[in-house]
Amino acid sequence: MQNIVILAGNIGQTPEVRTTQGGTKITNFSLATSRPRLSEGRVLRDENGYRVMDTEWHRIICFNGLGKTVAEHCEKGMKVLVHGRIHYTKWIDSMGNDRYGCEIIAEKVDFLSRPKSAETENPELVDRDDEIPF
């Protein structure tokens, strides 16, 4: 049996770090993934000819060393690749209702882009593959 998730997307907000009472550091961030909207097997386009995209938001949780690395080097808008597993939670809210949640526990996070601040500090290190004209 396996529980494997691989997501590639953009970070939605600056990662947040908190520490549990037991001293475990937890870093969390939201990740946006997008895909073209389909209708009858064809990609939908808007009035200007652009693809209509559906975006989904995922809650990503990182622990300890991975969380520290993400908190230090990631920021809103960066592209990352997350390898991890799905984790479902259930709790009772203040009104006594059962609530459910889903999050991705990250086991590995690969940086697919640099933070905007790094691009302005060291422009010669920025990957410019997107600018090749062919």
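The values are calculated or read from the model by the stated rules, or taken from the named source; none is laboratory data. Being a predicted model, the structure only gives us computed values, none of them experimental. FYI the Cβ positions are ideal-geometry reconstructions off the backbone, even for glycines, and counts take in every protein chain you see. SASA here: full protein model, heavy atoms, side chains in, ligands and nucleic acids out. Shrake-Rupley method; radii C 1.70, N 1.55, O 1.52, S 1.80 Å.
Counting residues that are modelled with pLDDT of 90 or more, in contact with a helix residue (DSSP H, G or I) (Cβ under 7 Å, 6 or more places away or on another chain) and among the aliphatic types (A, V, I, L, M), which strands (runs of 3 or more DSSP E) fully inside segment 31-134 reach at least 1?
On the way: elements: 53-63, 79-92, 98-111.
So the answer is 98-111.
Yes/no matrix, rows are residues, columns are (1) among the β-branched types (Val, Ile, Thr); (2) out of contact with any strand residue (DSSP E or B) (no Cβ under 8 Å at 6 or more places or on another chain); (3) without any contact (Cβ under 8 Å) to a residue 40 or more places away in the chain; (4) open to solvent by 50 Å² or more (accessible area, probe 1.4 Å):
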position	(1), (2), (3), (4)
His87	no, no, yes, yes
Ile92	yes, no, yes, yes
Arg99	no, no, yes, yes
Glu103	no, no, no, no
Lys108	no, no, no, yes
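Do we find that His58 is within 14 Å of Gln13 (Cβ to Cβ) and not hydrophobic (A, V, I, L, M, F, W, C) in this structure? Reasoning before the result, please.
Details: within 14 Å of Gln13 (Cβ to Cβ): yes; not hydrophobic (A, V, I, L, M, F, W, C): yes.
In short, yes.
Tell me, which residue of segment 57-85 that is over 21 Å from Thr19 (Cβ atoms) and aliphatic (A, V, I, L, M) is surrounded by the fewest Cβ atoms within 10 Å (Cβ to Cβ)?
Per the stated criteria, the residue is Leu81.
Applying the selection to segment 33-56, what residues are open to solvent by 90 Å² or more (accessible area, probe 1.4 Å) and not acidic (Asp, Glu)? Walk me through how you get there before you give the answer.
Within segment 33-56, the first condition is being open to solvent by 90 Å² or more (accessible area, probe 1.4 Å), and the residues that meet it are 35, 37-38, 40, 42, 45, 47-48, 50-51, 56.
If the condition is that a residue be open to solvent by 90 Å² or more (accessible area, probe 1.4 Å) and not acidic (Asp, Glu), then Arg35, Arg37, Leu38, Arg42, Arg45, Asn48, Tyr50, Arg51 are the ones that fit.
Just checking, which of Asn10, Asn28 is surrounded by 11 or more Cβ atoms within 10 Å (Cβ to Cβ), closer than 22 Å to Thr89 by Cα and in contact with a strand residue (DSSP E or B) (Cβ under 9 Å, 6 or more places away or on another chain)? It would help to see each step written out before you state the result.
On the way: Asn10 fails: closer than 22 Å to Thr89 by Cα.
Within the list Asn10, Asn28, the selection yields Asn28.
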